[in-house]
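Participant: Got a structure for you, questions after.
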C-alpha cells in the first residue's frame, strides 16, 4: 500500500492545489475516486500474485443426474414464483442445467462458455440474487452486471426486474447516450442493490461521480456478460479499470461464446485462481445453436438487391399478418441507405436500428419491433447477439458477415424457444469464398435461387430513379465508403484484392448499371 500512497500526491492532491483554489471542489471528487482506484489496484495486484494467476480452462464434467426443471433446484419461494408466473418457465435449458447446480451449491468464480439465446441470463441472475437473499451484504450495490451494448443491458434489466418482482431488492440500469446527471439522481433515489450497466458509462461514474466507488465496496457478485464481444468492441481497457475499483472478496461470473486469449486475459484479472470452467458448447462449437433452416444464394452484385426484395416480398405474402423479418447489413451507413431506399423508392415500411442512431431512438425502435405482430427490421450487428426479438420468422444477411461467429449469432435471432424459422445468406460472387468458413454448418444452396433474380416494374423503376434523389445519393456515398472499410477489414476471409473490394460493392454496381443504361440511350439517340 505504501507504493500506492507515494503515487497519491502526484495523481490526486497535486491536481487540487494546482487549481489555485477555484476548481478545488470540482477536482476533489475525481481525486477521491482515483484514490479508491489506487487502493483497489494495489490489493488486486497482491491478490493476483498470491493466487498465482488462472489455470488453463479445464471444463467441469457434466453431472449425470443434472436437474431438468426449476422445481428441482433449491430456490427461494420468491424466485420460484417469479419464474413460474413472471416468465412462465418450468424446464431448464441446457446451459441452466449445467451452470445453476454448481453456481448455487458453491461460491467458486465461474467462467462459462455459452451461446446467446440459451437462457444464460437467468443462469447468472438466479445464483447472484439467491446469494444476496440468503446473505444480505452491506449497503450499496451487491450485484453488478456489465453488458457490451445498451440494448443488451436493457434486456438484462427487464429480465432482472421480473425475477426481482417478489424480492425486496432495488434495480437500476445505466447505459451510455443518456444524461449522467439523471443517473446520479436515480442512484440517490433508487439506491440499487442490483446494477446493470454498459462498461463506458460505469467507468465514467467510477472516475467522476463523487463517492460512487464506495457504492461497490460491498459487492458480492460481478457478472461480465458476452465477454468476447466486450473485447471485440474495444472495451478491454475499461474492463480492466472497472475491475481495479472492485473489492477482491467477491464472486465473478464471466460468460462468453468464445474463449480467445484476450478473454483469458480478462479471466486472469477478474477471477480468482480456483475458478471453475463450464463448457456449454462442446462439440456444438462446430455448428449453430439455432435450429433454423439455413440457405445461401450467390449472385452478381446488382442482383443482390433483387434477391433481398423478392425474399422480403415472398415472406410477406406467405403470412400477411404474421411475418417478422430481420435483415442484417455490414455497416451502419449501409443500413441507413437501405432503410431509406426501401421506404422512399419501394414504399415498404421498415424499422431501422444501428449505432449511428441515438440511444432513445434505438430503444424505441427495439420496443416497437418486439411488440409488433409483424414487421421488418433493418439492422447492423448491434442486434446480432444477445437480443431477443420474439417470433422472428426470417433472418436475411445482405453480404458476408465479418466472421463465422457473427454469422452464427445472426442466425440465432430466429428459431428461438422451440419455434421454426429460416435464415438466408445473400452473397455477391466475390464474397462466395466466405462459404468455406461455414461449410460444416447445415447450410445449403437456396432452392429458388434463379427466381430471386427476377425483377418487376416497381423494382426496375426504383433502381433506375434513386440517383435523382440528392439525399439518397448522399446516403449511398457514405454507405459505399463504409463498405470499402468493411471489405478491406474482411479481405483475408474473402480473399479479395483491392480492385475487387471496390468492384464488389452493390452500390457501385448499381451506379455502373445506371451509367451503362444512359450510355446506351445516348448511343441510340445519336444513331437516330
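Participant: Being closer than 18 Å to residue 158 by Cβ, in contact with a helix residue (DSSP H, G or I) (Cβ under 9 Å, 6 or more places away or on another chain) and either assigned to a loop (DSSP other than H, G, I, E, B) or at pLDDT 95 or above (or both) is the requirement here; does residue 86 meet it?
Facilitator: Answer is no for this residue.
Participant: Here's another thing I want to ask about it. Hand me the list of helices (runs of 4 or more DSSP H) wholly inside region 220-329 holding 1 or more residues that are under 30 Å from residue 425 (Cβ atoms). Steps first, please.
Facilitator: Details: elements: 227-232, 236-245, 261-270, 304-318.
Qualifying helices (runs of 4 or more DSSP H): 227-232, 261-270, 304-318.
Participant: Also, I was wondering about something else. I'm told residue 286 meets every condition in (1) crowded, with 20+ Cβ neighbours inside 10 Å; (2) at pLDDT below 95; (3) within 27 Å of residue 441 (Cβ to Cβ) except one. Can you identify the failing condition by its number?
Facilitator: For residue 286, the exception is condition (1).
Participant: Continuing with this model, one more query. Only one of 258, 291 is surrounded by fewer than 23 Cβ atoms within 10 Å (Cβ to Cβ), in contact with a helix residue (DSSP H, G or I) (Cβ under 6 Å, 6 or more places away or on another chain) and within 30 Å of residue 369 (Cα to Cα); which?
Facilitator: That would be 258, the only listed residue that is surrounded by fewer than 23 Cβ atoms within 10 Å (Cβ to Cβ), in contact with a helix residue (DSSP H, G or I) (Cβ under 6 Å, 6 or more places away or on another chain) and within 30 Å of residue 369 (Cα to Cα).
Participant: Within region 267-281, is even one residue surrounded by 20 or more Cβ atoms within 10 Å (Cβ to Cβ), assigned by TED's automatic domain parsing to the domain that holds residue 372 and over 19 Å from the mean Cα position of the chain (by Cα)?
Facilitator: no
Participant: From the list 483, 452, pick out the single residue that is surrounded by 13 or more Cβ atoms within 10 Å (Cβ to Cβ), in contact with a strand residue (DSSP E or B) (Cβ under 7 Å, 6 or more places away or on another chain), modelled with pLDDT of 85 or more and part of a helix (DSSP H, G or I).
Facilitator: Answer to the selection: 452.
Participant: Identify the residue in region 196-235 that is without any contact (Cβ under 8 Å) to a residue 40 or more places away in the chain and more than 15 Å from the chain's Cα centre (by Cα) and, among all such residues, is nearest to residue 262 (Cα to Cα).
Facilitator: 203
Participant: Give me a count of the residues in region 176-199 that are at pLDDT below 95 and closer than 18 Å to residue 362 by Cα.
Facilitator: Count: 4.
Participant: Let me ask something else about it. If residue 89 meets every condition in (1) within 18 Å of residue 251 (Cβ to Cβ); (2) out of contact with any strand residue (DSSP E or B) (no Cβ under 8 Å at 6 or more places or on another chain) apart from one, which number is that one?
Facilitator: Going through (1) within 18 Å of residue 251 (Cβ to Cβ); (2) out of contact with any strand residue (DSSP E or B) (no Cβ under 8 Å at 6 or more places or on another chain) one by one, residue 89 breaks only (1).
Participant: Considering 476, 468, 449, which residue is in the same structural domain as residue 339 (by TED's automatic domain parsing) and free of Cβ contacts under 8 Å to residues at least 12 places away in the same chain?
Facilitator: Exactly one residue qualifies, and that residue is 468.
Participant: Also, I was wondering about something else. Residue by residue through region 97-114, note down the ones that are touching a residue at least 12 places away in the same chain (Cβ under 8 Å) and in a helix (DSSP H, G or I).
Facilitator: Of everything in region 97-114, those that are touching a residue at least 12 places away in the same chain (Cβ under 8 Å) and in a helix (DSSP H, G or I) turn out to be 97, 98, 99, 100, 101, 102, 103, 104.
Participant: Among the helices (runs of 4 or more DSSP H) confined wholly to region 115-198, which include 3 or more residues that are surrounded by 20 or more Cβ atoms within 10 Å (Cβ to Cβ) and in contact with a strand residue (DSSP E or B) (Cβ under 9 Å, 6 or more places away or on another chain)?
Facilitator: 120-134, 150-163
Participant: Restricting the search to region 216-243, which residues are within 16 Å of residue 141 (Cα to Cα) and surrounded by fewer than 20 Cβ atoms within 10 Å (Cβ to Cβ)?
Facilitator: Once the filter is applied, which keeps residues that are within 16 Å of residue 141 (Cα to Cα) and surrounded by fewer than 20 Cβ atoms within 10 Å (Cβ to Cβ), region 216-243 yields 217, 218.
Participant: Also: Condition first: buried (at least 19 other Cβ atoms within 10 Å of the Cβ), in contact with a helix residue (DSSP H, G or I) (Cβ under 7 Å, 6 or more places away or on another chain) and within 20 Å of residue 330 (Cα to Cα). Can you find one or more residues in region 434-449 that meet it?
Facilitator: The answer is yes; a qualifying residue exists.
Participant: If you take the residues of region 385-402 that are more than 27 Å from residue 321 (Cβ to Cβ) and under 17 Å from the mean Cα position of the chain (by Cα), which of them is modelled with the lowest pLDDT? Don't jump to the end; show me each part of the working.
Facilitator: Kept after step one, since they are more than 27 Å from residue 321 (Cβ to Cβ), are these residues of region 385-402: 385-386, 399-402.
Okay, now just the ones that are also under 17 Å from the mean Cα position of the chain (by Cα), so 385-386, 401-402.
On the way: 385: 67, 386: 61, 401: 90, 402: 86.
That would be 386.
Participant: Do you know which residues across region 326-337 are closer than 18 Å to residue 485 by Cα and in contact with a helix residue (DSSP H, G or I) (Cβ under 8 Å, 6 or more places away or on another chain)? Give the derivation first.
Facilitator: Our first condition is that a residue be closer than 18 Å to residue 485 by Cα; within region 326-337, this holds for 328-337.
Answer for region 326-337, where residues must be closer than 18 Å to residue 485 by Cα and in contact with a helix residue (DSSP H, G or I) (Cβ under 8 Å, 6 or more places away or on another chain): 328, 329, 330, 331, 332, 333, 334, 336, 337.
Participant: Which numbered condition in (1) crowded, with 20+ Cβ neighbours inside 10 Å; (2) closer than 22 Å to residue 140 by Cα is the only one that residue 247 fails?
Facilitator: Every condition holds for residue 247 apart from (1).
The values are calculated or read from the model by the stated rules, or taken from the named source; none is laboratory data. The structure presented is a predicted model; accordingly, all values stated were derived computationally and were not measured. Backbone-built Cβ (ideal geometry, glycine too); neighbour counts: all protein chains shown.
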